[in-house]
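Accompanying notes for the structure given below.
The values are calculated or read from the model by the stated rules, or taken from the named source; none is laboratory data. Everything quoted here is computed from the prediction, not taken from an experiment. So basically every Cβ, Gly included, is an ideal-geometry build from the backbone, and we count neighbours across all protein chains shown. Side chains are part of the model used for accessible areas, which takes the heavy atoms of the whole protein and leaves out ligands, DNA and RNA. Shrake-Rupley method; radii C 1.70, N 1.55, O 1.52, S 1.80 Å.
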Amino acid sequence: MSISRRVLLKGFSLASLLGAVPASVRAASKRTGGPYEQLGITPVLNFVGTHTTIGASKMWEDLHEAAAQASREYVVLEELKDKIGARLSTLIGCEDALVTTGAAGAICLGTCAVLTGSDTQKIGQLPDLTGMKSEVLIQNVHRNGYDHAVRSSGVRLMEFGSEQELIDRINQQTAMIYVLGGTSHDWEWETPVVLKRCLDIAHRAGIPLMVDAANMLPPWENVRRLATMGVDLICISGGKHMRGPQCSGILAGRRDLVQAAWLNSSPHPDSLGRPMKVGREEMVTAWLTAEKYSRLDFDAIDRQCVRQAEYLERELSSVPGLKLERTPVDRTRNIRRVMVRWNEEALGITTADVTRLLMAGTPRIAVGRAREQGIELTVFMNDPGDEKAAVKRLKEIFKPPGATR
């Protein structure tokens, strides 16, 4: 039985938490054809991974009704936050947790929390840092587009490239150390100061450390390991491999900092995080997602990805002119990627041509572009059978002139 047909859980069922989706709801959805069909939008097959630009992932089917149920009743939001925070912190192994607007929202709110604590005057003052600390330390190799979520609080990012530089950069204005836990293709570069050393130095200096763990899943144990190490703040994406609401994330760690993050966020009006509203639907569904995800059989999921990658390699290797190569896995997680390259001049087709034809065909297929030439097929968030559709389309595109189908 395929992974899409069965839940890969280890001795756990959500039957006690979730009701079955009513047949009437499923039937109505089929009759209307769904919102994308009504809008004239054709969905795509995902061979780029957990990219927000195409939806990142598909939410677990058995969580949709839970979100709908949560939306049908009024509830005291702070009570809900406290109860769900307690459940999430148990799953993660930390003191407290808060559902946020994605990992970026967690990063922003975590930074605000470090700067203000529970001081409401400071909370209302952000991003004016008068009278507050104003610097966050980051390794130069960890700079990324998402560190804007740190900078949005008003702080300056101060780079370091060695352990001694880290020690020398710490001063009275240092609010926090920010660490990028993992990212795509991070096997290509090294981290001069490993997380454990950063954490030791931070705690010796009396400053907190925050880890962007958005790209550290799977497995769930990676997150629990951060908590066990004593990382002060952990920022998790709920809408990527976890397959929760795309707009959801989790900020986990020290109770005082998580509570300060809550004061810096919605529904508190005079706060920098007020626009980052998390509804009761996202709170409930993010919690249930974590309950489910923490019990998945990640080895079984990876085995399916390996089989899909092997199928791509085996089938496409027979196409004249194509060169297949397996991309190394990331340091923090197993992601299977297949690189497809060819001589553009000899075959008369460019990388841009191939990516365009894949998106213009049936089915539409989104792929990554190699840094030099070729495409990269990321086998990570696919349904069984997606790999066969990709092979069929690529064989059509690379069919030699005059050859029959």
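Under 21 Å of direct C-alpha separation, and excluding same-chain neighbours fewer than eight residues apart, residue 277 reaches these lysines: 81, 83, 122, 240. Under conditions of 10 °C and 1.306 mPa s, segment 116-161 yields 138 µm² s⁻¹ as its translational diffusion coefficient, taking Rh as the Kirkwood radius over Cα pairs in the Stokes-Einstein equation. Ignoring lysines fewer than eight residues from residue 395 along the same chain, the ones with Cα atoms less than 24 angstrom from its Cα are 323. Inter-label distance, residue 191 to residue 143: 1.9 nm, where each label sits 7 Å from its Cα along the C-beta direction.
Heavy atoms only, probe 1.4 Å: what % of the accessible area of the chain goes to carbon and sulfur, would you let me know? Before the final figure, lay out the partial values.
Working: 9810 of 19300 Å².
Of the solvent-accessible surface of the chain, carbon and sulfur hold 51 percent.
Placing unit charges on the Cβ atoms of the charged side chains and taking the dipole of segment 60-141 about its Cα centre, the candidate lying farthest along the positive direction among 68, 100, 117 is 117.
What's the longest bit of the chain with no exposed chymotrypsin sites (Phe, Trp or Tyr not before Pro), using DSSP loop states and at most 14 other Cβ atoms within 10 Å as the test? Please list the in-between numbers first.
Working: sites that count: 12, 74, 189.
Longest run free of exposed loop sites: 190-405.
Only sites in a loop by DSSP and with at most 15 other Cβ atoms within 10 Å count here; which trypsin sites (Lys or Arg not before Pro) in segment 137-182 make the cut?
Details: sites: 143, 151, 156, 169; in loops: 143.
Here the trypsin sites (Lys or Arg not before Pro) that fit, given the DSSP loop and packing criteria, are 143.
Karplus-based coupling profile of segment 236-251, in residue order and whole Hz: 10, 8, x, x, 9, 5, 5, 6, x, x, 4, 7, 9, x, 9, 10, with θ = phi - 60° in 6.51 cos²θ - 1.76 cosθ + 1.60 and x standing for Gly or Pro.
The spacing between segment 347-395 and segment 249-302, judged by their C-alpha centroids, is 34 Å.
Computed over all pairs of different Cα atoms, the Kirkwood value for the hydrodynamic radius of segment 256-364 is 18.9 Å.
Taking only the C-alpha atoms of segment 56-170, the Rg (one decimal) and the largest Cα-Cα distance, Dmax (whole number), read 18.1, 55 Å.
Set the Förster distance to 22 Å, then compute FRET efficiency between residue 343 and residue 314 from the Cβ-Cβ distance, nearest 0.05. Spell out each step's value before the answer.
Details: r = 22 Å, r/R0 = 0.98.
Taking R0 as 22 Å, the efficiency between residue 343 and residue 314 is 0.55.
Let's test the formula: R0 of 56 Å, r as the Cβ-Cβ distance of residue 121 and residue 65. What FRET efficiency results, to the nearest 0.05? Efficiency computed from Cβ-Cβ geometry: 0.80. As I understand it, the value is the acute angle between the Cα axis of helix 280-293 and the longest principal axis of the Cα atoms of the chain; what does it come to in degrees, rounded to 10? Rounded to the nearest ten degrees, it is 70.
Mind putting a number on the dipole of the chain about its Cα centre? Charges go on the C-beta only, +1 for Lys and Arg and -1 for Asp and Glu, and I need it in Debye to the nearest 20. Let's see the in-between values first.
Details: 51 positive and 47 negative charges, 245 e Å.
Charge dipole of the chain: 1180 debye, to the nearest 20.
Go through segment 312-397 and name the GluC sites (Glu not before Pro) that are in a DSSP coil and have 14 or fewer other Cβ atoms within 10 Å of their Cβ. Don't jump to the answer; show the numbers that get you there.
On the way: sites: 313, 315, 325, 344, 345, 372, 376, 387, 396; in loops: 372.
Here the GluC sites (Glu not before Pro) that fit, given the DSSP loop and packing criteria, are 372.
For segment 141-205, GluC sites (Glu not before Pro) meeting the loop criterion (DSSP other than H, G, I, E, B) and having at most 12 other Cβ atoms within 10 Å: 190. For the chain, the Cα-based Rg and Dmax, in that order, read 23.0, 74 Å.
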